[in-house]
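Chemist: Quick one: structure below, then a few questions.
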Amino acid sequence: MRSVVKVSKTVDEAVKVALEELDATERDIHVEVLEEPSRGLFGLIGGKDATVKVTVVNDPVEKAQKFIDDLLSYMNINGSCSIEKKGLCLNIDIIDVNSSDMGIIIGKRGNTLDAIQFLTSLTVNRDRDEYIKVLIDVKGYRKRREETLIRLANRMGKKAKYSDRPIKLEPMNPYERRIIHSALQYKDGINTYSEGEEPYRRVVIQAK
């Protein structure tokens, strides 16, 4: 468990400093007061600051780390993950995997990676009041996929405009559909909408 020891004039001030360093909330910590603050002689001489030890007991980083490590082990994949917490968001990169294992982790059109992200989110947010967003990537796949989808959107947008008939794309997950919609949002003469039911919901591109 992650923990820090902080010293300040009051217990509350010491805890506040610890929370900032640990990037945690009061709901997720245990506070041990190692030394109570005291006033010295005449309030000036011999006074002592408060000393506290703050430990994260419901750590989303540790929960995500353990879940992914266990999952990779069950999948017989050698690898690890790098996790960066920014406020209420966890950015996770699966690293140290070979090319064939990377393909297994990603799956067809990112379906397996999306499933890993979903399951990790469920694990991290269990017994939490504040929802933490989980984003998982492997060797920059998300960025490359986004660039591919933007190119596809622009190409199909032109085709729909000049053929004057709607173009239906392959079924995509909500994240990928948002990329298509955003890429064409401000294109003159183009309109997009989604149709169908999950998991077969798709984007339709048509001329206005």
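The values are calculated or read from the model by the stated rules, or taken from the named source; none is laboratory data. Just so it is clear, the structure is predicted and the values come from calculations on it, not from any experiment. Here Cβ is always computed from backbone atoms with ideal geometry, including for glycine, and neighbour counts include all displayed protein chains.
Chemist: Report whether or not Ile150 is surrounded by 12 or more Cβ atoms within 10 Å (Cβ to Cβ) and at pLDDT 95 or above.
Modeler: Answer is yes for this residue.
Chemist: Let me ask another. Please count how many residues of the stretch 181-208 are surrounded by fewer than 18 Cβ atoms within 10 Å (Cβ to Cβ), not in a loop (DSSP other than H, G, I, E, B) and not polar (S, T, N, Q).
Modeler: 6
Chemist: Another question, if that's okay. So is Arg178 under 30 Å from Gln65 (Cα atoms), of a type in the set (Lys, Arg), in a helix (DSSP H, G or I) and in the same structural domain as Cys81 (by TED's automatic domain parsing) or not?
Modeler: It is false that Arg178 is under 30 Å from Gln65 (Cα atoms), of a type in the set (Lys, Arg), in a helix (DSSP H, G or I) and in the same structural domain as Cys81 (by TED's automatic domain parsing).
Chemist: Pairs needed: first member in the stretch 185-208, among the hydrophobic types (A, V, I, L, M, F, W, C); second member anywhere, outside any strand (DSSP E or B) and surrounded by fewer than 10 Cβ atoms within 10 Å (Cβ to Cβ); C-beta distance under 6 Å; at least 6 residues apart or different chains.
Modeler: Within 6 Å, the pairs are Ala207/Asp164.
Chemist: Residues to consider are Val54, Val97; find the one that is closer than 30 Å to Val17 by Cα and touching a helix residue (DSSP H, G or I) at 6+ places or on another chain (Cβ under 9 Å).
Modeler: Within the list Val54, Val97, the selection yields Val54.
Chemist: Are any residues in the stretch 72-100 surrounded by fewer than 18 Cβ atoms within 10 Å (Cβ to Cβ), in contact (Cβ under 8 Å) with a residue 24 or more places away in the chain and over 12 Å from the mean Cα position of the chain (by Cα), and if so, which ones?
Modeler: Matches in the stretch 72-100: Met75, Ile77, Ile95.
Chemist: Just a yes or no: is a residue in the stretch 131-141 surrounded by fewer than 15 Cβ atoms within 10 Å (Cβ to Cβ), farther than 30 Å from Ser99 by Cα and under 19 Å from the mean Cα position of the chain (by Cα)?
Modeler: So far as the stretch 131-141 goes, yes, one or more of its residues are surrounded by fewer than 15 Cβ atoms within 10 Å (Cβ to Cβ), farther than 30 Å from Ser99 by Cα and under 19 Å from the mean Cα position of the chain (by Cα).
Chemist: Let me ask another. May I ask you to list pairs of residues, at least six apart or on different chains, whose Cβ atoms are under 8 Å apart, with the first in the stretch 1-28 being surrounded by 14 or more Cβ atoms within 10 Å (Cβ to Cβ) and hydroxyl-bearing (Ser, Thr, Tyr) and the second being modelled with pLDDT of 90 or more and not in a helix (DSSP H, G or I)?
Modeler: Ser3/Lys53; Ser3/Val54; Ser3/Thr55
Chemist: Scanning the stretch 7-24 for residues that are among the charged types (D, E, K, R) and within 17 Å of Ser38 (Cβ to Cβ), which turns out modelled with the lowest pLDDT?
Modeler: My answer is Lys9.
Chemist: In the stretch 104-122, is there at least one residue being touching a strand residue (DSSP E or B) at 6+ places or on another chain (Cβ under 6 Å), on the phi > 0 side of the Ramachandran plot and free of Cβ contacts under 8 Å to residues at least 60 places away in the same chain?
Modeler: No; the residues of the stretch 104-122 include none that is touching a strand residue (DSSP E or B) at 6+ places or on another chain (Cβ under 6 Å), on the phi > 0 side of the Ramachandran plot and free of Cβ contacts under 8 Å to residues at least 60 places away in the same chain.
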